[in-house]
Amino acid sequence: MTARTSLRRRRAALGLALAGGLALSGCASNAATAPKATTPASSSKGSGLSEPDVNGDGKVVIGVLSPGDINDHGFYESFVDSADAFAKEKGWKVIKRGSVPAGDALTAARALCQQHVDMVALAAGELKAAIPASEEPVCAKTAWYVPSSANIDQTPRILLSSDNPNQSLLAAGYAAGLKMKAAGYTKAGFVTGVKADFSVLGAKAFLAGIREVVPKATLVSTYTGDFNDSAKAKEATQAQISQGAKVIYPYLGGATDAAAQLANANGALTLTPGTDRCASTSPKFDISVIFSPGDYFRAALENFAKDDLKMGTKRVWQLGVDPYPTVKICKGQGDEDQQLAQFMKKIGTKAIDPEAEVKRLG
């Protein structure tokens, strides 16, 4: 989420794409590419470096590593799209690689630094194993953007971007609950990939939100083991529909559309895992749950362009306060939109404690 935090992503959390002649070897070991020595990080202005041309070579290059499919039409693609769009506006260059295994993260980060990037941006916390490279000589002249999660420590050479998935998943469940109550539904499904803390807690938060509106609602959760395997996602979705689920939340990456299309074909309501796709018709989504890493990343790039992206700090995004994260009912009926807005506002003002609600209802 940042997936992408206890729930994180960040959620997530949730393909090789090359630009600028990037060559990354999945066969090289971390030990083989390790530098001979490390140098201490400067403490001036966090990174101690001048942004955005951090290495002073007369150009700005952003390097992106993603654990997921960067053409997934959702969570991971939004991150790359934001980088590409902002880079085009500024005349910068983007080097990107998707579907990076966690075990290759450190090697991949070093390879980016060897390409003289000014920033290394991780699309999700699953690639946290790359972070030690920020302290190595090969990456001495780079800024680092990292989506936060509960098991990622703040260090002087990285910027952490964080939200609280309990907030967005609770609100997602509340929105689904409003639609379920109107239709008389009581059973929903949650299809995700790896069974990990963030995905298990995500399901609990989603169920808690539904039960805010439909107290006796039940949730079927399926862990396929892969966020991008469409065949597994469709099999799980069909099984949940066969068990009576009338709402399907494909909390997935590249397999999102396959699950959503099957849900559409069976008349089940659907939600997005991170982006606003209310305008999509194939597949169709009924609720957009918006915690897109691309939205957070663009804000960071805007600060980077102004020499104001401070390493060694953490930005926390709040539902009901900031533009993102948020939840939108695509075609709200009656006062559904107003009820949802009021619920999110209460989270923002701390009138509702998401953690307590998840514990109580999830």
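The values are calculated or read from the model by the stated rules, or taken from the named source; none is laboratory data. What you see is a predicted model, and the numbers here were worked out from it, not measured in a lab. Note that we place each Cβ from the backbone using ideal geometry, even for glycine, and neighbour counts take in every protein chain shown. For accessibility, only protein heavy atoms count, side chains too; no ligands or nucleic acids. Shrake-Rupley method; radii C 1.70, N 1.55, O 1.52, S 1.80 Å.
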ask   = Looking at Ala150, Ala129, which is the one that is small (Gly, Ala, Ser) and modelled with pLDDT of 95 or more?
value = Ala129
key: Leading residue by the ranking (least open to solvent (accessible area, probe 1.4 Å)) among those in region 313-341 that are outside any loop (DSSP other than H, G, I, E, B) and more than 17 Å from Ile290 (Cα to Cα)   = Glu336
request  = Go through (1) among the small types (Gly, Ala, Ser); (2) closer than 18 Å to Lys187 by Cα; (3) open to solvent by less than 10 Å² (accessible area, probe 1.4 Å) and name the single condition Ala265 misses.
outcome  = (3)
Leu309 vs. criteria touching a strand residue (DSSP E or B) at 6+ places or on another chain (Cβ under 8 Å) and closer than 12 Å to Ser168 by Cα = no
request  = Give just the number: which of (1) assigned to a helix (DSSP H, G or I); (2) crowded, with 21+ Cβ neighbours inside 10 Å does Lys234 not satisfy?
outcome  = (2)
ask   = If you go through region 74-84 one residue at a time, do you hit one that is aromatic (Phe, Trp, Tyr), in contact with a Phe, Trp or Tyr (Cβ under 8 Å, 6 or more places away or on another chain) and part of a helix (DSSP H, G or I)?
value = yes
key: Positions within region 163-197 being β-branched (Val, Ile, Thr), assigned to a loop (DSSP other than H, G, I, E, B) and either modelled with pLDDT under 95 or touching a Leu at 6+ places or on another chain (Cβ under 7 Å) (or both), in sequence order   = Val194
inquiry  = Here is a check on your reading of the model: is Ile241 at pLDDT 95 or above, more than 24 Å from Asn166 (Cβ to Cβ) and more than 20 Å from the chain's Cα centre (by Cα)?
reply    = yes
inquiry  = I'm checking my understanding of the structure. Among residues of region 139-190 that are in contact with a Cys (Cβ under 9 Å, 6 or more places away or on another chain) and open to solvent by less than 50 Å² (accessible area, probe 1.4 Å), which one is nearest to Val80 (Cα to Cα)?
reply    = Thr142
message = Looking only at region 280-298, filter to residues that are more than 21 Å from Met344 (Cβ to Cβ) and outside any helix (DSSP H, G or I); which one of those is least open to solvent (accessible area, probe 1.4 Å)?
response = Pro283
inquiry  = Can you list residue pairs whose Cβ atoms sit under 7 Å apart, with the first residue in region 305-316 being within 20 Å of Lys88 (Cβ to Cβ) and the second being of a type in the set (A, V, I, L, M, F, W, C) and open to solvent by less than 70 Å² (accessible area, probe 1.4 Å)? Count only pairs 6 or more apart in sequence or on different chains.
reply    = Leu309/Ala143; Leu309/Leu159; Leu309/Ala300
key: Set Ala239, Ala245, Ala260: member being out of contact with any helix residue (DSSP H, G or I) (no Cβ under 9 Å at 6 or more places or on another chain), small (Gly, Ala, Ser) and more than 30 Å from Gly56 (Cα to Cα)   = Ala239
